[in-house]
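Visitor: Okay, here's the structure, questions in a sec.
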Amino acid sequence: MVFNIVLFGAPGSGKGTQSTLLAEKFGLVHLSTGDLLRAEVQKGSSLGIQIDSYISKGNLVPDNLIVDMLAAVLDSNEGAKGFIFDGFPRTTDQAAALKKMLAVKGTDVALMINLSVGEEELINRLLYRGISSGRTDDNYETIQHRIKVYHEKTAPVKAFYESLGCAVDIDGTGSLSEIFERIQSAVNAVINT
Ligand code: B4P
């Protein structure tokens with residue numbers, strides 16, 4: 001059985017961090033749209049330059065670009081035990097597109113995990129990461145804008161999965177291992193039903 005998880009949350013909520021741990025523990029493919037986009041920016045291609053113009057301002061990259069990129073990665077991972085979608089979907093249109101893409105492959109999202117973290121902590125985490133990350137979007141002004149965009153465009157995705165009955169809220173504060181324990185319990189609860 002293919003087991004797909006969406007790891008959801010505001011910028012800085014720990015999606016990337018916890019996805020890495022989950023992928024290792026359950027043998028799933030970790031698919032981070034942020035990492036895929038930054039890899040394209042690194043290449044310095046014309047597409048990368050276009051992508052950077054969105055990321056560095058804290059805006060979302062257009063849906064069609066993201067969906068095409070993701071479809072290609074899904075196709076190149078035929079036979080995977082399942083995927084962890086980290087940072088995707090970020091709009092309800094992306095969520096609908098993912099549902100369609102997975103349906104073609106005879107599968108669906110089994111679990112959507114919403115990592116819940118207060119705004120002050122989100123900002124502090126990202127500012128701290130900005131000291132060493134070199135990321136163009138980890139500065140105070142851009143972080144504020146990313147959080148605004150999250151509330152306007154991304155937060156509604158939660159209701160999409162709630163209506164499908166596969167969403168769980170997890171407290172995303174505390175140590176990495178405490179949070180991972182909570183996530184593992186949620187995953188095991190679905191696997192064992
Ligand atoms: P992402 O790379 O997804 O960036 P993010 O939201 O900041 O999440 P990230 O995974 O990096 O942070 P994490 O919470 O793990 O996206 C970047 C940009 O790409 C977006 O703004 C957008 O422009 C574009 N993009 C990506 N996907 C897109 C899509 N689907 N559609 C359109 N555009 C898209 O970690 C944050 C920090 O907190 C880390 O330093 C970590 O070490 C720390 N941390 C984690 N857990 C902690 C804990 N428990 N305690 C203390 N610190 C913790």
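Visitor: In square nanometres, what is one fourth of the surface area of the convex hull spanned by the alpha carbons of the chain?
Guide: On the way: hull surface 41.9 nm².
Taking the Cα atoms of the chain, their convex hull projects to 10.5 nm² on average.
Visitor: Cβ neighbours within 10 Å, averaged per peptide: list 62-69, 154-161 in order, most packed at the top.
Guide: Numbers: 62-69: 15.9, 154-161: 18.0.
The packing order, highest mean first, is 154-161, 62-69.
Visitor: Work out from phi, with θ = phi - 60° and the Karplus expression 6.51 cos²θ - 1.76 cosθ + 1.60, the ³J(HN,Hα) of each residue of segment 89-95, listed in order in whole Hz, and give x for Gly and Pro.
Guide: x, 10, 9, 5, 5, 5, 5
Visitor: Could you derive backbone 3J(HN,Hα) for segment 54-63 from the dihedral phi with the Karplus parameters 6.51, -1.76 and 1.60 (θ = phi - 60°), listing whole Hz in sequence and x where the residue is Gly or Pro?
Guide: Running phi through 6.51 cos²θ - 1.76 cosθ + 1.60 with θ = phi - 60° gives 7, 4, 5, 9, x, 8, 6, 6, x, 3 Hz.
Visitor: Evaluate the distance, in nm, between pseudo-label points positioned 7 Å from the Cα of Ala189 and of Leu176 along their respective Cα→Cβ axes.
Guide: Spacing of the two 7 Å Cα→Cβ label points: 2.5 nm.
Visitor: Here's another thing I want to ask about it. In vacuum, with every alpha carbon of segment 59-142 counted as one equal point scatterer, what does the Debye formula give for log10 I(q)/I(0) at q = 0.10, 0.18, 0.23 Å⁻¹? Two decimals, please.
Guide: -0.36, -0.93, -1.13
Visitor: Taking the radius of gyration and the Kirkwood hydrodynamic radius from Cα positions alone, what is the Rg/Rh ratio for segment 144-193, to two decimal places?
Guide: On the way: Rg = 13.7 Å, Rh = 12.8 Å.
Ratio value, two decimals: 1.07.
Visitor: Starting from the Cα-Cα distance between Leu164 and Asp35, subtract it from 0.36 nm times their residue separation and give me the gain in nm to one decimal. Please list the in-between numbers first.
Guide: Numbers: separation 129, 0.36 × 129 = 46.44 nm, distance 2.76 nm.
Going from the current span to full extension adds 43.7 nm.
Visitor: Okay, moving on. Which of the peptides 185-192, 54-61 is most tightly packed, and how do the rest follow, judged by the mean count of other Cβ atoms within 10 Å per residue? Display every interim value, and only then the final one.
Guide: Working: 185-192: 12.4, 54-61: 16.9.
The packing order, highest mean first, is 54-61, 185-192.
Visitor: Take peptides 130-139, 41-50 and line them up by average Cβ neighbours within 10 Å, highest first, as a rough protection proxy.
Guide: Working: 130-139: 13.9, 41-50: 12.3.
Top of the packing list down: 130-139, 41-50.
Visitor: Share of the chain's accessible area from carbon and sulfur, percent, 1.4 Å?
Guide: Details: 5150 of 9630 Å².
For the chain, the apolar C and S fraction of the accessible surface comes to 53 percent.
Visitor: Is there a quick way to get the dipole size of the chain? I mean about its Cα centre, with the Cβ of Lys and Arg at +1 and of Asp and Glu at -1; what is the value in debye to the nearest 20? Intermediate results must be reported in sequence, preceding the final value.
Guide: Details: 18 positive and 23 negative charges, 42 e Å.
Dipole magnitude for the chain comes out near 200 debye.
Visitor: Further, regarding this structure: Along the charge dipole of the chain, Cβ charges K/R +1 and D/E -1, which of Leu7, Met112, Phe88 sits furthest on the positive end?
Guide: The Cα lying farthest towards the positive end belongs to Phe88.
Visitor: Per 10 Å bin from zero, what fraction in whole % of the C-alpha pairs of segment 1-109 is there, up to the bin with the longest pair?
Guide: So the P(r) values, bin by bin, are 14, 47, 34, 6.
The values are calculated or read from the model by the stated rules, or taken from the named source; none is laboratory data. Remember, predicted model here, so these are calculated numbers, not experimental data. FYI the Cβ positions are ideal-geometry reconstructions off the backbone, even for glycines, and counts take in every protein chain you see. Keep in mind that these areas ignore ligands, DNA and RNA; they rest on the heavy atoms of the full protein, side chains included. Shrake-Rupley method; radii C 1.70, N 1.55, O 1.52, S 1.80 Å.
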